[in-house]
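Enquirer: Let me give you the structure first, and then I'll get to my questions.
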Amino acid sequence: MQIGAQLYTVRNFCQTTEGLSETLKKVADIGYQTVQLSGVCAYDPLWMKEQLAQNGLTCAITHTDPERMIAQPQVVAAEHDLFDCDHIGIGGYDIIHNGIDVFCEKFKPVAEVFTKSGKKLMYHNHYNEFSKLDGSLIMDLLTERFAPEEMGITLDTYWVQYAGADPVQWLYALAGRTPCIHMKDMLFDQKMAPIGEGNMNYDSILTAAVDTDVQVALVEQDESYGKDPFDCLARSYAYLKSFGLE
């Protein structure tokens, strides 16, 4: 399992191509070898391919505009081919208000195109997916309506715990669907923290991630509360590296 950096953590430094280029170098200097592109400025796919190569990085997954996926799935898949990224993610979707049927109607065709193109549609959870819709957990509805080969789950372990659920249990429950996951730690007041500095049981989470063949564990700290987010990424990396991960 590889450690990755979710660039949403440092999104404020990635709003121009110059800033994004500098950020990729800083992340690589910390030691990360793969990233997720999310919350960053628009970029040319071939430019991104060059930037990744210059810094010895790969891109494990993106968060891509869902409306663009729906309107131009072939184009989106082809763009990801240019910088060798196989996972194309939905960062969030309001299934509670739109309904599971609408979600399926919109994204089943996208999943079909992506699969035929050698890509995988991914869905990133927050806490809402652990509420019930028509008597069933939304997370259960997603996995019932989409086969593993159609859509994976970028399980965000923090939001699972925030919702009162068990990240370890859900990693095992979603085995085979989670090539990429998100990790951050939670303090007693539910604030986000570098991994190893909060109260989440990362010994068990990492064991479950390895057991369930997670390929990339991406460090994502949505909020740094005035602290340097690059320093937060570095502290998380150091903690995870102590487990023998890189």
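The values are calculated or read from the model by the stated rules, or taken from the named source; none is laboratory data. All of these numbers come straight from a predicted model, not from anything done at the bench. We place every Cβ from the backbone using ideal geometry, glycine too, and count neighbours over all the protein chains shown.
Enquirer: Taking Ile100 and the conditions (1) under 16 Å from Thr64 (Cα atoms); (2) surrounded by fewer than 21 Cβ atoms within 10 Å (Cβ to Cβ); (3) in contact with a Leu (Cβ under 6 Å, 6 or more places away or on another chain), which numbered condition does it fall short on, given that it satisfies the others?
Expert: Of (1) under 16 Å from Thr64 (Cα atoms); (2) surrounded by fewer than 21 Cβ atoms within 10 Å (Cβ to Cβ); (3) in contact with a Leu (Cβ under 6 Å, 6 or more places away or on another chain), only one is false for Ile100: (1).
Enquirer: Right, next: Which members of segment 124-143 meet the condition of being touching a residue at least 40 places away in the same chain (Cβ under 8 Å), out of contact with any Ser or Thr (no Cβ under 7 Å at 6 or more places or on another chain) and farther than 19 Å from Ile88 by Cβ? I'd like the intermediate steps shown before the answer.
Expert: In the first step, residues of segment 124-143 are kept if they are touching a residue at least 40 places away in the same chain (Cβ under 8 Å); the result is 124, 138, 141-142.
The next check asks that each one be out of contact with any Ser or Thr (no Cβ under 7 Å at 6 or more places or on another chain); those that pass are 141-142.
Scanning segment 124-143 gives a single hit, Leu141.
Enquirer: Something else: Return the residues of segment 96-131 that are under 19 Å from the mean Cα position of the chain (by Cα) and part of a loop (DSSP other than H, G, I, E, B); say none if nothing qualifies.
Expert: Gly118, Lys119, Asn125, His126, Tyr127
Enquirer: Further, regarding this structure: Only one residue in Tyr32, Tyr93, Tyr8 is touching a strand residue (DSSP E or B) at 6+ places or on another chain (Cβ under 7 Å), among the aromatic types (Phe, Trp, Tyr) and within 29 Å of Thr212 (Cα to Cα), so which one is that?
Expert: Only one candidate qualifies: Tyr32.
Enquirer: Find all pairs meeting these conditions: Cβ atoms under 7 angstrom apart; at least six residues apart or on different chains; first residue within segment 45-58 and touching a residue at least 24 places away in the same chain (Cβ under 8 Å) and among the charged types (D, E, K, R); second residue outside any helix (DSSP H, G or I) and surrounded by 16 or more Cβ atoms within 10 Å (Cβ to Cβ).
Expert: Lys49/Phe83
Enquirer: Being within 24 Å of Ile95 (Cβ to Cβ) and either modelled with pLDDT of 95 or more or crowded, with 17+ Cβ neighbours inside 10 Å (or both) narrows it down to one residue among Leu206, Leu187, Leu155, Leu233; which is it? Break it down stepwise before answering.
Expert: On the way: Leu206 fails: within 24 Å of Ile95 (Cβ to Cβ); Leu187 fails: within 24 Å of Ile95 (Cβ to Cβ); Leu233 fails: within 24 Å of Ile95 (Cβ to Cβ).
Within the list Leu206, Leu187, Leu155, Leu233, the selection yields Leu155.
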